[in-house]
1. Please list the non-local residues whose amide H lies under 5 Å from the amide H of residue B:252, H modeled 1.01 Å from N, same-chain partners needing a gap of 5 or more.
2. For a test of the definition: using alpha carbon positions, the gyration tensor, and the 1.5 limit on a/c, classify segment A:44-295 as rounded, prolate or oblate.
3. Among B:216, B:237, B:264, which one moves the most in a GNM of chain B with springs linking Cα atoms closer than 10 Å?
4. Placing +1 on the Cβ of each Lys and Arg and -1 on the Cβ of each Asp and Glu in segment B:43-297, which of B:202, B:57, B:132 has its Cα farthest towards the positive end of the resulting dipole?
5. Using a label point 7 angstrom from Cα along Cα-to-C-beta, what distances in nm, from shortest up, separate residue B:80 from the other copies?
6. What is the local net charge at residue B:305, summed over the other residues whose Cβ is closer than 10 Å to its Cβ (Lys, Arg +1; Asp, Glu -1)?
7. Points 7 angstrom from Cα along the Cβ direction at residue A:173 and residue B:60: gap in nanometres?
8. With chain B treated as a Gaussian network of Cα nodes joined by springs under 10 Å, which of B:192, B:154, B:285 yields the largest mean-square fluctuation?
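Each value in this text was obtained by applying a stated rule to the coordinates, not by laboratory testing. Please read these numbers as outputs of a predicted model, since none were measured by experiment. FYI the Cβ positions are ideal-geometry reconstructions off the backbone, even for glycines, and counts take in every protein chain you see.
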2 protein chains.
Amino acid sequence: PDAGAQAAAQARDAVLTKPPGALGRLESLVLWLAGWQGRAIPQADRVQVAIFAGNHGIAARGVSAFPPEVTVQMVANFRAGGAAINQLCKAFGASMAVHELSLDRPTADFTEGPAMTEDELVEALATGWNAVDPEADIFIAGEMGIANTCTAAALAAALFGGLGWAGRGTGVDDAGLSRKAATVEAGLERHAGHLDDPFEVLRRLGGREVAAMTGAYLAARAHRVPVVLDGFISCAAAAVLHKARPGALDHCIAGHQSAEGAHARLLAALDKAPLLSLGLRLGEASGAVLALGVIKGAVATHSGMATFAEAGVTAG
Amino acid sequence: PDAGAQAAAQARDAVLTKPPGALGRLESLVLWLAGWQGRAIPQADRVQVAIFAGNHGIAARGVSAFPPEVTVQMVANFRAGGAAINQLCKAFGASMAVHELSLDRPTADFTEGPAMTEDELVEALATGWNAVDPEADIFIAGEMGIANTCTAAALAAALFGGLGWAGRGTGVDDAGLSRKAATVEAGLERHAGHLDDPFEVLRRLGGREVAAMTGAYLAARAHRVPVVLDGFISCAAAAVLHKARPGALDHCIAGHQSAEGAHARLLAALDKAPLLSLGLRLGEASGAVLALGVIKGAVATHSGMATFAEAGVTAG
């Protein structure tokens with residue numbers, strides 16, 4: 001991040017007509033944006049939302065409340081403008097594009113072998129990388145992929161260890177939850193001894209849309225575009241970079257904490273404090289885009305407020 | 001609230017293209033708005049923000065980090081468009097008006113006698129009542145008044161009992177905090193035996209801008225206009241109604257939890273879960289207006305999303 005821009009933003013914040021620190025987290029958001037955008041007065045006008053969709057071999061194991069054909073149906077819904085994320089992008093003035101990743105070719109069932117070949121992983125990472133607009137003020141990735149909370153749980157378990165990463169996702173019952181936990185466990189057993197390299201974890205246990213998000217977050221870092229992370233799957237994709245290099249997610253903030261059981265734990269592992277915590281569990285980037293309200297509010301106050309001198313207000 | 005509109009909103013929510021409950025708190029926000037607005041598809045276009053300003057006799061006791069002349073200076077800043085709340089109202093498309101309540105005539109020091117006469121209380125309540133637009137989709141009140149976190153602490157202490165309601169407000173040091181706590185204690189002692197009626201508590205320990213907020217929240221209830229509460233002072237004003245009649249704040253939600261020490265405790269006393277918790281402690285309605293992002297997102301998804309049937313998506 002650009003220390004000069006951050007210092008200039010901080011100096012401006014100190015003379016705006018409010019008690020020092022009174023805007024709380026909005027003030028640190030401005031400094032974060034200023035640093036990554038390299039602008040003393042950051043902007044949040046050009047927000048890019050990219051939705052990645054993929055299908056998963058493990059969907060056949062009954063780990064979702066919805067059948068796998070819903071992935072392609074929801075992609076059509078995104079294109080027709082009918083999904084939640086369409087309304088949220090419209091409400092917050094964000095641009096939105098959908099990227100399908102070989103929906104007719106699900107990843108391999110990771111309990112039987114690696115989810116992706118090396119070529120498939122590279123292709124998915126590149127799709128994400130190429131989706132990022134280097135000129136965006138803020139980048140947000142979302143996902144759609146029936147069974148992908150199970151995929152994300154397997155990634156989190158492999159990257160951070162421990163049990164209990166599987167959750168209810170779109171709303172599986174107790175039997176479905178048991179199948180998810182068993183699937184994660186079987187995946188970890190199947191790939192034991194090959195889970196030291198985070199990108200190899202992604203190849204063996206991940207999914208195409210998850211890898212695309214990983215690639216996109218990496219591209220955003222290269223272009224110094226600040227990122228708002230979404231829910232459990234988004235954070236699992238980001239966790240690959242976190243494990244690969246400490247600080248690799250300094251350009252990212254957590255938009256929200258979702259209702260998915262292990263998301264709070266994953267955020268803690270990434271050392272990210274969420275902006276919102278409203279019980280969402282939809283994916284599609286919905287929580288991250290909802291958090292834009294807070295970010296836009298932060299930018300609006302910082303850029304528009306009068307200083308004590310301008311307003312003739314006595315400083316404390 | 002209109003049970004028919006709520007039922008219709010719930011029925012629509014159930015067929016929108018998302019897993020049941022996946023939008024979390026956004027879904028309950030929609031039902032709350034639908035009930036009070038009497039519309040199956042609620043709106044959040046016409047948001048009215050009214051800022052009330054008053055001065056306090058206790059300001060002379062050194063209970064604020066800022067001198068009392070800042071109240072009138074900040075009112076000028078509101079009118080000139082330079083304050084935080086101006087930027088937030090602009091960002092979220094809310095209308096904003098400022099109401100000054102006899103700034104040249106502070107309330108009496110409540111450690112010496114009642115803060116207001118009965119006539120003064122009624123005038124302040126009426127100012128608030130008359131400020132509310134009965135056609136607004138949502139009403140938000142904010143305040144400006146040097147020393148009014150001390151006033152609000154006295155109100156909370158008198159209404160709910162217990163110690164420790166005084167906090168750092170705009171940022172007083174330890175000595176200032178001690179003076180605030182002592183002022184609250186002296187007020188409660190001075191008026192002991194006269195604190196059973198919540199409106200009498202308001203008259204004896206409150207302030208004009210606080211009473212205006214109380215009157216406004218009551219008017220909003222009469223007009224069935226949903227309200228977003230702001231911070232500690234806003235909630236103290238609302239608490240008068242809560243103590244006067246259980247359920248009197250059913251038309252209100254908490255926009256945020258502020259950094260003011262006892263705000264979380266006051267929200268708990270009102271049984272309100274905040275939408276945001278971002279460490280704000282500015283007043284001016286800033287937290288409530290910031291929460292509009294979430295509310296507008298809720299309304300946008302509910303009103304704009306396609307149903308499973310419309311989108312050809314398989315329900316779970």
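1. B:227
2. Rounded, since a/c falls under 1.5.
3. Among B:216, B:237, B:264, the largest mean-square fluctuation in the Gaussian network model of chain B belongs to B:264.
4. It is B:132.
5. Those label-point separations list as 5.4 nm.
6. 0
7. If labels sit at residue A:173 and residue B:60, their model points lie 7.2 nm apart.
8. Highest fluctuation of the listed residues: B:192.
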